[in-house]
1. Within the stretch 166-195, track down each residue that is in contact (Cβ under 8 Å) with a residue 12 or more places away in the chain, in a loop (DSSP other than H, G, I, E, B) and either of a type outside the set (Gly, Ala, Ser) or open to solvent by 20 Å² or more (accessible area, probe 1.4 Å) (or both).
2. Restricting to the stretch 82-95, name every residue that is outside any loop (DSSP other than H, G, I, E, B), buried (at least 16 other Cβ atoms within 10 Å of the Cβ) and in contact (Cβ under 8 Å) with a residue 40 or more places away in the chain.
3. If I go through the stretch 275-287 residue by residue, how many of them are touching a strand residue (DSSP E or B) at 6+ places or on another chain (Cβ under 7 Å) and either surrounded by 15 or more Cβ atoms within 10 Å (Cβ to Cβ) or closer than 16 Å to Ala260 by Cβ (or both)?
4. Condition first: among the charged types (D, E, K, R), within 23 Å of Thr84 (Cβ to Cβ) and not in a loop (DSSP other than H, G, I, E, B). Can you find one or more residues in the stretch 239-255 that meet it?
5. Yes or no: Asn204 of a type in the set (S, T, N, Q), open to solvent by 10 Å² or more (accessible area, probe 1.4 Å) and under 24 Å from Gly145 (Cα atoms)?
6. Give me the residue from the stretch 101-110 that is closer than 20 Å to Trp217 by Cβ and assigned to a helix (DSSP H, G or I) and, out of that set, least open to solvent (accessible area, probe 1.4 Å).
7. Only residues in the stretch 98-112 that are of a type outside the set (Gly, Ala, Ser) count as the first member; pair them with residues that are open to solvent by less than 20 Å² (accessible area, probe 1.4 Å) and assigned to a helix (DSSP H, G or I), Cβ under 7 angstrom, at least 6 apart or cross-chain, and list the lot.
8. Quick one: how many residues across the stretch 39-80 are open to solvent by 30 Å² or more (accessible area, probe 1.4 Å), among the aromatic types (Phe, Trp, Tyr) and in contact (Cβ under 8 Å) with a residue 12 or more places away in the chain?
Amino acid sequence: MITSLFIRSSAQTIRLSKLPSTPNYRTMATTFLINNPNYSFLKELGLQEQNHGVFDGTWYGSAEVVTSICPANGKPIAQVRQGTLQEYNKAVEKSQEAWQVWADVPAPKRGEIVRQIGDALRQKLEPLGKLVALEMGKILPEGIGEVQEYVDICDYATGLSRMLEGKIFPSERPGHVLMENWNPLGSIGIISAFNFPIAVFGWNNAIAMVCGNTMIWKGAPSTSLCSVATTKIVASVLEKNGLPGAISALCCGGADIGSAMAEDKRLSLVSFTGSTQVGNKVNLLII
């Protein structure tokens, strides 16, 4: 597995033919685990039997329905309705609009929002960790530990928000000073893999937010419930603070959404985590 950050240039290269995905499971005539009292933690996370997979301040989605399957027992957990390319484009537009608001928020204030996200994750540490274990297949301590990594990076990013510095250089012109100022990139894309369905997003999300960027996330189709549940937690903090939900947008989908993200010139940076083979294709496409 590799993690790469690709910052766009103007070069246009080959089209990405396929991003990694798992088979899509259609609606199954059986009982979903979310309706089983033994898995009540799923509803604690705001999940339902069928969930929308696109978020830009509003939840929606009209593409195919993917059934998430527990790898331990082969039983269906719940469903997520994926996003279409049109819905992806809408979410990116909303993300760009949200950036106009978010970039003007002072960095320490952005850090305060990220701190609150970390606290919200702490409150859902066990149920979210259980979801990782249930949907991805990790043992429970690893699932909880993955959520803890997101919490930890929120703590780090909160401190970082007060240390985003520039330099002052001497000028040869009287009465002038040269100042270095780092600016946000804008809207960025995050593509994450199934084996770390929350932590990889968290590493990107917390740092990008304090730097003043907005983002759109596409997780692995096989762990769409983790993507939805995590986004609900982030969205609740943004809503509580009167901020646009599209600061942290989501579009669940397969290779078509991943390809669109890789080609999208509106995204100033794309963070990709996955196989070396596909990463090389993404690299050629973006740079």
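1. So the first thing to find is which residues in the stretch 166-195 are in contact (Cβ under 8 Å) with a residue 12 or more places away in the chain, and the list is 166-168, 179-195.
After this cut, where a residue has to be in a loop (DSSP other than H, G, I, E, B) as well, the list is 166-167, 180-186, 192-195.
Hits for the stretch 166-195 are Gly166, Lys167, Glu180, Asn181, Trp182, Asn183, Pro184, Leu185, Phe194, Asn195.
2. Step one: list which residues in the stretch 82-95 are outside any loop (DSSP other than H, G, I, E, B), which gives 85-95.
Okay, now just the ones that are also buried (at least 16 other Cβ atoms within 10 Å of the Cβ), so 87-88, 90-92, 94-95.
Answer for the stretch 82-95, where residues must be outside any loop (DSSP other than H, G, I, E, B), buried (at least 16 other Cβ atoms within 10 Å of the Cβ) and in contact (Cβ under 8 Å) with a residue 40 or more places away in the chain: Glu87, Tyr88, Ala91, Val92, Lys94, Ser95.
3. Narrowing the stretch 275-287 to residues touching a strand residue (DSSP E or B) at 6+ places or on another chain (Cβ under 7 Å): 276, 279, 282-283, 286-287.
Now drop any that are not either surrounded by 15 or more Cβ atoms within 10 Å (Cβ to Cβ) or closer than 16 Å to Ala260 by Cβ (or both), which leaves 279, 282-283, 286.
Final tally of qualifying residues: 4.
4. no
5. Numbers: of a type in the set (S, T, N, Q): yes; open to solvent by 10 Å² or more (accessible area, probe 1.4 Å): yes; under 24 Å from Gly145 (Cα atoms): yes.
For Asn204, the condition - of a type in the set (S, T, N, Q), open to solvent by 10 Å² or more (accessible area, probe 1.4 Å) and under 24 Å from Gly145 (Cα atoms) - is met.
6. In this case the residue turns out to be Trp102.
7. Trp102/Ile247; Arg110/Met209; Arg110/Val210
8. Within the stretch 39-80, residues that are open to solvent by 30 Å² or more (accessible area, probe 1.4 Å), among the aromatic types (Phe, Trp, Tyr) and in contact (Cβ under 8 Å) with a residue 12 or more places away in the chain number 2.
The values are calculated or read from the model by the stated rules, or taken from the named source; none is laboratory data. What you see is a predicted model; the values in this text were computed from it and never measured. Cβ atoms come from the backbone with ideal geometry, glycine included; neighbour counts cover every protein chain shown. Side chains included, ligands, DNA and RNA excluded: accessible areas come from the protein's heavy atoms. Shrake-Rupley method; radii C 1.70, N 1.55, O 1.52, S 1.80 Å.
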